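Worksheet: one structure, shown below.
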Amino acid sequence: MGRNLHIVFSHPGDGVSDDEFGCWYEEHIDEILEMPGFHAAQRYRLEPDVQAEGVVFPFRTLVVYEVDDDTAALMEGMRRHGLNSADSYAGRKAAGDDGPPLPDWWDQVRFASFNCIAVGPRHEA
């Protein structure tokens, strides 16, 4: 396994509870972990701590995936399987995918994802 991460920030929409979103997301994580190169995932609730004045962070949750080092191959696999955007995921579901169904509030969900490429050595306490 590599040292890189794939992180996904999300906001389920103002009318969607964290519990409802979390239940759906737990099933969705299983879809992602079926992809070659994805090894583990952990969901997080974001609680603001330090923010510059005037900065509004638009997301409520984060998922951190531990992934292989070849992030280009990971993203190509995600694209091929319709897992690389909200629209492609909706298309995958419309085509009859057997993962979790799209919730009624799907059109409110906002995502942003990043590949985190390890630089420098790992530091440990």
Would you point out which residue out of GLY37, GLY91, GLY22, GLY99 is out of contact with any Cys (no Cβ under 8 Å at 6 or more places or on another chain) and at positive phi? GLY37
Wholly within segment 8-125, which strands (runs of 3 or more DSSP E) include no fewer than the required count, namely at least 2 residues that are more than 12 Å from the chain's Cα centre (by Cα)? 38-45
Given the residues LEU83, LEU102, LEU74, which is the only one that is within 20 Å of ASP14 (Cβ to Cβ) and of a type in the set (A, V, I, L, M)? LEU102
Of the conditions (1) surrounded by 11 or more Cβ atoms within 10 Å (Cβ to Cβ); (2) on the phi < 0 side of the Ramachandran plot, ALA125 clears all except one; give me its number. (1)
Among (1) surrounded by 13 or more Cβ atoms within 10 Å (Cβ to Cβ); (2) without any contact (Cβ under 8 Å) to a residue 12 or more places away in the chain, which single condition is ALA52 missing? (1)
Criterion (among the charged types (D, E, K, R), closer than 26 Å to VAL119 by Cα and at pLDDT below 90) met by exactly one of ASP70, ASP14, ASP49, ASP98: ASP49
Flag if ALA40 is surrounded by fewer than 16 Cβ atoms within 10 Å (Cβ to Cβ), modelled with pLDDT of 95 or more and of a type in the set (A, V, I, L, M, F, W, C): yes
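The values are calculated or read from the model by the stated rules, or taken from the named source; none is laboratory data. Small disclaimer: the values here were computed from a predicted structure and weren't measured. FYI the Cβ positions are ideal-geometry reconstructions off the backbone, even for glycines, and counts take in every protein chain you see.
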